[in-house]
Amino acid sequence: LAECARIDSLKIEALKTAEILCDNTKLFLLFFKFGFERVPKIGCGPACKRLIGAYYLKKDVTKLAGEVAQFPKYRGWRHQDLFRLAHLKAKPDDIARQALFAYISRGAETMNKHFNEPEPKPEAKEIVDYLNKVDSFRKERDPARAAETIETYMLTVDHLNFIHLKNRQVWCALLRQIPLRTLLDHFSLIARNKLFRSGRGWDADFKSCVRDSLQNNQAITDSGLHPSRVFIENIAYQFEAKFKLENAVKKNLRVAQKAPAVSSEIVSALNQLMNATFKLFKPTNLRYIIAVDPFDMTTRKVGHIPFMLPSQGAAITVQSYLKIEPNVTVVAPTWDGPISPIEVAKTSTAKELEEILSSVRSKTTVAPKTMPKRDPTVSMVDVFEWAQKQKKKFDVFILVATAINATQYVAKFAQYQRTMKLPRSKLVLLSLCCAKNTVDTKDIFVVSGFDDKVLPLIVNFVKESI
């Protein structure tokens, strides 16, 4: 939208669309960040001022005050910056909004001077009290008072000063009300600040508090988390700090501290959470075949997640489909070429799947040293021929490797579609490290790298086959 708003012929429509789509503080401030930090800027003409006015003048004042208090700034842009562009003024009879605008423009001191001294104005009292409480809360150093304020006003992580996030008492108050997704977003921070530790041992009370949040059934249902999101957070908790330490040592950088210890109880709680999230997703009931090339998956790192092995990305991909979908076939190429089916149980854990996939390398009649050099980018091109010979119809092919040359698979997949009379079948090429190239074909989806968004994107892509 910001790109369109910079084009004169599209500006008016883009700003009208932004009024509809940018309905929260993060998106609204992000729109102006992108619109003004690149040349040409979107400018501050009547249409732009109308957009800013619509956001701050039409929205319910209580809801707006909550957003301003929660996100006073985002990605370097403040509400105050937009007020300087539009010169907004509230209606004379809208005292509460006037107080909020004074807070945005000049801060809490000016707001109190006009709306709270010497006598508070009744129309603005609720808004002024709330904004004062949040403003003083950010400066609060006493953990007990901070925790009490969090529980009284239902404050979230975004209201906090960074110093609060290093305190167990504050986190215990937060954990009773923040969504599970927010907890996972800050899980690395909790571990990095060693909040699970107490001296040389573990803080049993804090660990119990976190475990209770991770195992809250209602929170799990409300979260809508994909299992891959929880899996990646578990991997990060176990290996991210260790990876950074090893990387620093290799580069001869000064290391301030060793990696924090990992709690087996927390790892177990995250595994239980991941298993619970599988139940949140309904199967598509399509026929899937997942082909995994396991040969160089322990010598590289995943694109976008440098502390994660490709074998772990392949394992959670296979596990997700085994747990959610009823019709899944798993195959892999052996060293000397042929595609081989793999026997896997739906109850297999990601760790067990890693071991099963790695054992495929030994299923060869020829010693690896005598074989010609393999090209992993085309190692699974025979999977379509194998499916044809087996006379098996699949709606979705998911090929997983460290790197895949997409152009080498187009013709073979098209031939399979024609031969098996499956014109709506889909092909997903998942290059866990990096894709060699991509293709512009509606039935083929090429992914380079891996993170928690990859598997949900694949689900959305294959749903077109239904």
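The values are calculated or read from the model by the stated rules, or taken from the named source; none is laboratory data. What you see is a predicted model, and the numbers here were worked out from it, not measured in a lab. Virtual Cβ from ideal backbone geometry, glycine too; neighbours counted across all protein chains shown.
Which condition does PRO294 not pass, out of (1) farther than 25 Å from LEU273 by Cβ; (2) part of a loop (DSSP other than H, G, I, E, B); (3) without any contact (Cβ under 8 Å) to a residue 40 or more places away in the chain, if it passes all the others?
Evaluating PRO294 over (1) farther than 25 Å from LEU273 by Cβ; (2) part of a loop (DSSP other than H, G, I, E, B); (3) without any contact (Cβ under 8 Å) to a residue 40 or more places away in the chain leaves (3) as the failure.
Restricting the search to the stretch 266-283, which residues are surrounded by fewer than 15 Cβ atoms within 10 Å (Cβ to Cβ) and not in a helix (DSSP H, G or I)?
Passing the criteria: LYS282, PRO283.
Taking the stretch 114-134 on its own, how many of its residues are without any contact (Cβ under 8 Å) to a residue 40 or more places away in the chain and farther than 10 Å from ALA99 by Cα? Talk me through it step by step, then tell me what you get.
To start, the set of residues in the stretch 114-134 that are without any contact (Cβ under 8 Å) to a residue 40 or more places away in the chain comprises 114-125, 128-129, 132-133.
Narrowing further to those that are farther than 10 Å from ALA99 by Cα: 117-120, 122, 129, 132-133.
Selection size over the stretch 114-134: 8.
Is it the case, given these coordinates, that LYS125 is within 20 Å of ALA14 (Cα to Cα) and either modelled with pLDDT of 95 or more or of a type in the set (Lys, Arg) (or both)?
Spelling it out, it is not the case that LYS125 is within 20 Å of ALA14 (Cα to Cα) and either modelled with pLDDT of 95 or more or of a type in the set (Lys, Arg) (or both).
Among ALA69, ALA65, ALA102, which is the only one that is over 18 Å from TYR153 (Cβ atoms), small (Gly, Ala, Ser) and surrounded by 14 or more Cβ atoms within 10 Å (Cβ to Cβ)? Please lay out each step first, then the result.
Details: ALA69 fails: over 18 Å from TYR153 (Cβ atoms); ALA65 fails: over 18 Å from TYR153 (Cβ atoms).
Checking each option against the conditions leaves just ALA102.
Quick check on my filter: what residues within the stretch 423-435 are touching a helix residue (DSSP H, G or I) at 6+ places or on another chain (Cβ under 8 Å) and either hydroxyl-bearing (Ser, Thr, Tyr) or surrounded by fewer than 17 Cβ atoms within 10 Å (Cβ to Cβ) (or both)?
PRO423, ARG424, SER425
Here are some conditions: (1) assigned to a loop (DSSP other than H, G, I, E, B); (2) in contact with a strand residue (DSSP E or B) (Cβ under 8 Å, 6 or more places away or on another chain). ASP440 meets all but one. Which one does it not meet?
For ASP440, the failing item is (2).
If you scan the stretch 346-381, which residues turn out to be at pLDDT 70 or above and out of contact with any helix residue (DSSP H, G or I) (no Cβ under 8 Å at 6 or more places or on another chain)?
Hits for the stretch 346-381 are THR347, GLU352, GLU355, ILE356, SER359, VAL360, SER379, MET380.
Of the residues that sit in the stretch 201-256 and are among the basic types (Lys, Arg) and not in a helix (DSSP H, G or I), which one is farthest from PRO306 (Cα to Cα)?
Just the residues of the stretch 201-256 that are among the basic types (Lys, Arg), to begin with: 207, 211, 229, 242, 244, 250-251, 254.
Next cut, not in a helix (DSSP H, G or I) only: 251, 254.
Details: LYS251: 15, ARG254: 20 Å.
By that ranking, first place goes to ARG254.
Just checking, which of ALA219, ALA256, ALA236 is modelled with pLDDT of 90 or more, more than 23 Å from GLN312 (Cα to Cα) and either among the aliphatic types (A, V, I, L, M) or within 16 Å of the chain's Cα centre (by Cα) (or both)?
Values: ALA256 fails: modelled with pLDDT of 90 or more; ALA236 fails: more than 23 Å from GLN312 (Cα to Cα).
Exactly one of ALA219, ALA256, ALA236 is modelled with pLDDT of 90 or more, more than 23 Å from GLN312 (Cα to Cα) and either among the aliphatic types (A, V, I, L, M) or within 16 Å of the chain's Cα centre (by Cα) (or both), namely ALA219.
When you check PHE394 against the structure, is it hydrophobic (A, V, I, L, M, F, W, C), at pLDDT 90 or above and assigned to a loop (DSSP other than H, G, I, E, B), yes or no?
Answer is yes for this residue.
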